[in-house]
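One structure below.
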C-alpha cells in the first residue's frame, strides 16, 4: 500500500482582514465577505518565503515521525524564491536529506503540490525510492486592488509518502489536464492575471466536478461513503458549491475548509485543508481530496485512514487549526511592506 | 629587558576632519611628537602604526610605508609596520614599539595611531566598524557591536541589579572631563536624563551610551632612559607595564558576558610587571566605547567588585579629585574614538597628566596612570601602566 | 557574504551542525577543529554534532540601528540563546513582541531568510529563534 507516512503544515502568523484591504481600495467589505466567503488571509513575515515555509512544513512532518528512506523531494509552488534554482535543493539541504536524493520544483498553479504527490507515489510504487517528499507551498501575490488580493495568501504542507507504516493510504488517484487559460502569469510580470468569471464554470467547476465524479466512479463510491471531502479552496464559495453540487454535506467539508480564515494558499490550498482533516481523522475514515490548478488541471485522491494513525505522534507538531488561531493582525501598510509592494530606494 | 620611556607625544584634535586626509592626520600627530621630544628624523629607528580600517574606508593598505613616507622618514629607509587589533590597534602598536626598545632591538621608535572614518557614508562606517565582531556568526545574523554591548548591558543589569541610571553615569563623567579638554570631539556636558532620553541604539543603550565616529591621530616617541635624559630636563614618563591578552572573538563563546576575561588577564600581568596593585593606581583611562564596557572594565581591572562599579560612580568615584579619576581626557565617549588612534591617545593623555600638562583637567599629583584599550567586544585587551621619572 | 563563504556554512546555518570533543564531550557551535580545553588530544577527532534546536534566552536587546540588510524588519530583536546542548548562539528573535521577551524564555531555532545580496543576488537563509 502506498500512502502518507507523515505530514506537516506551516502557516505564517500574520493576518490581514478583508475590511482592511477594502478600506484602502474603496470596496464594501461586506460585499467581499459575502461574495468570497473569506474574512482574512495569512501574510508571510519579511523573513519568510516559500522555501522557509516548505522547510518548516517538512520539519513539522519529521517531528511527528522521522522518515527513514527519503529518495526524492519535489516542491510545488507558483512563488518559488528563485525562477532558476529549485526550492527543493534548499529544502533538501535544510532538512538533511542532501546529497543522495533526486529533487526538482513543480509549477502547476495551485495543484503543483498534488502533482508532486502523484510523482512520488509512482516512484514509491515502482520501488524506485522507499519514501518521497511532496510539498505544496506558496507566498502568492495578488495585484493591489484586484479581487485576488483578498485571497492570495501564504502557507504550505509537506507529505512524506511511502509504503511502510502508512497512516493514510492513497488507494487511487485520477487526474484531468486541459489547456484552459483561466489564470496565468507571464515571465517577468509581478502579478498574475485572470479571466474573471471565466475562472468559475469552464475552469474550476468543470475540472473539479468531472474529476470528483470520475474518482467516485472508479472507486464505486458515493458522497455519503466519505467521512470528509476537501476541494481546492480559492475562496470559500467555490468548494462549498462544488461540494453541494456533487452531493456532499457541509459537515463533511467543514474541517478542511480553512480558506475563510487564512485565504488561498495556492499550492498549499487543498493539501493544507487535507492536513487539517488528518489532524482529527480516525482509522477507517475515508477522504475525497481534489485539487485544482489553473491552466488547468485537477488531481483527485481517494484516501483511507489506517490503524497506524493510532501510533502516530501528531501532537509533536502544531495542528492546522491551532496555527490558524495563532494570528497577529496587521494593517495594509505593514502588509504592503512585508509583501514588498513598496518601491524602495537604492 | 631595559627601561622604556616616553619622551615625546603629539595628537590631533579628535572629531570630524573633513579637510584632513588619513595622511595629513598621521603626519600632524607624528610631527608634533617629534617636536615635543626635540629630536630629529634621523634619531627615529622604526615606526609602528596602529590602524584598523584604512583598507575599507580609504582602500589604502600598506600603511607602514605610508606613514614613513609622509612623515619624511622613508628617505632613511626605516622599518615601518602597521598593526591591527580592532579597536585595540593603537595600544597594540604601542606594545610592539615598547618591546622593540625594551629588547634592545631599537633605541628610539615612533608609535602612531590613526583612523579616518568620515570619508565614507555612515552606513559603510557601521559596516566597517562591525568588522571587529565575528562576521560569520554575529554580524551575519544582525549582531552589530552595539547590539552585543546591549546584550551585555541587559545581562549585567539583571545579574547585578544595576540601575540603568548608574550605567549612564559613565558617559556623564566622560563628558564632564571632555568639556575641559581642547583635544576632545565634544565639549558639552550631559546629565543622566539626557542619556536615558537619547535615541535608542540597542536597548537599553542609547546614542549617548556609545562612542562617536571620529577621525584623528596620536603619536608617541619611545626611547631608552639614557637618550631621554639627554633630550629632556623633565617630564620623562616610564612605561612600567605593557601587557596584552586575548579571548574568544565572539561574545557567545565566552563563559560570562558581564566580564572581560581578556582585561582580567592583561591587568594581572600588568600589575605584576609594574609591582603595583589596583589601589596604587592614581588615574585610569578606560575603553568606554560603550558605557557598559566602562563599568565592566573598571571591575575587571580590579578597582571594584563585579557588579558594583555603578554604585561607586554614584558615590563620586571617577571625578578628577576623587580616589580614582576615570577618563580625565573625556574618554572614548567625549574625547572621541578614532579607532587606531584611541589607544595611543590614552597614553598621550596619561603622559600629559603625569607631566602635569593637563591644564584644566589635571588630576592633582598623579604618581602613575593605567590605560586600557579593548578590541571588539573584549576579544583583546591591552593594559599599560606609566609612571613619572623623577 | 560572498557565495563560497556562505555555501560552505550551509550545515551550520541550516541545521546547526557543530562539533563535539570526544575527550571532554563539550559541544561547540560554530564547529571547531580543535577543542580549546583538550588541544592536541582533540585534533582530527572532533565529531560533527547536530545541535538540538531548543534553548533558553540568555540575554536580549532591541536593535534600532540603520542596518541596510535589515531595513524591512527594523527594529529587530537580537538574542543570545543558551542552547540545550551547551553552546550559546547569537541570532534574531522573530514573530515576537519585544515586551514579551524575558531572560530564561524557552525558544527554538527556525529556518528563515536572513538577508539577500540584492534583488538579483542569492538569498541567504539561516537560523532565527521563535518562542517555544
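Observations, loosely collected:
- Among strands (runs of 3 or more DSSP E) entirely within the stretch B:190-289, having at least 3 residues that are under 30 Å from residue C:37 (Cα atoms) singles out B:237-246.
- Extreme residue, surrounded by the most Cβ atoms within 10 Å (Cβ to Cβ), among residues of the stretch B:257-266 that are more than 10 Å from residue B:379 (Cβ to Cβ) and more than 14 Å from chain C (Cβ to nearest Cβ): B:266
- Per this entry, residue C:103 is not counted among residues that are modelled with pLDDT of 95 or more and within 10 Å of chain A (Cβ to nearest Cβ).
- The requirement of being more than 30 Å from residue B:348 (Cβ to Cβ) and modelled with pLDDT of 95 or more is not satisfied by residue B:171.
- The combined condition, being assigned to a loop (DSSP other than H, G, I, E, B) and buried (at least 24 other Cβ atoms within 10 Å of the Cβ), is fulfilled by residue A:256.
- Here is the figure for the stretch B:107-126: residues that are more than 19 Å from the chain's Cα centre (by Cα), assigned to a loop (DSSP other than H, G, I, E, B) and either within 14 Å of another protein chain (Cβ to nearest Cβ) or crowded, with 19+ Cβ neighbours inside 10 Å (or both) total 3.
- Among the residues of the stretch B:132-170, just one is at the interface with chain C (Cβ under 7 Å from one of its Cβ atoms), in a loop (DSSP other than H, G, I, E, B) and under 21 Å from the mean Cα position of the chain (by Cα), namely B:144.
- Scope the stretch B:327-344; condition in a helix (DSSP H, G or I) and in contact with a strand residue (DSSP E or B) (Cβ under 8 Å, 6 or more places away or on another chain); matching residues: B:331, B:333, B:339, B:340, B:341, B:342, B:343, B:344
- Some residue of the stretch A:182-191 being surrounded by 20 or more Cβ atoms within 10 Å (Cβ to Cβ) and closer than 27 Å to residue A:35 by Cβ: yes
- Pick from the stretch C:117-132, criterion more than 9 Å from chain A (Cβ to nearest Cβ) and over 14 Å from the mean Cα position of the chain (by Cα), ranking: modelled with the lowest pLDDT: C:117
- When residues of the stretch C:1-33 are limited to those that are within 14 Å of chain A (Cβ to nearest Cβ) and in a loop (DSSP other than H, G, I, E, B), the one farthest from the chain's Cα centre (by Cα): C:8
- The conditions of being within 13 Å of another protein chain (Cβ to nearest Cβ), surrounded by fewer than 24 Cβ atoms within 10 Å (Cβ to Cβ) and touching a residue at least 24 places away in the same chain (Cβ under 8 Å) are met by residue B:254.
- Flag if residue A:156 is in a strand (DSSP E or B) and buried (at least 20 other Cβ atoms within 10 Å of the Cβ): yes
- Residues of the stretch C:94-113 that turn out to be surrounded by 19 or more Cβ atoms within 10 Å (Cβ to Cβ) and within 11 Å of the chain's Cα centre (by Cα), as a count: 3
- The stretch A:57-107, subset in contact with a helix residue (DSSP H, G or I) (Cβ under 6 Å, 6 or more places away or on another chain), within 14 Å of chain C (Cβ to nearest Cβ) and over 22 Å from residue A:317 (Cα atoms), residue surrounded by the most Cβ atoms within 10 Å (Cβ to Cβ): A:87
- Reported count of residues in the stretch A:109-128, each being in contact (Cβ under 8 Å) with a residue 40 or more places away in the chain and more than 12 Å from the chain's Cα centre (by Cα), is 8.
The values are calculated or read from the model by the stated rules, or taken from the named source; none is laboratory data. Source: prediction; values computed, not measured. All Cβ positions, even for glycine, are placed from backbone atoms using ideal geometry, and neighbour counts span all protein chains on display.
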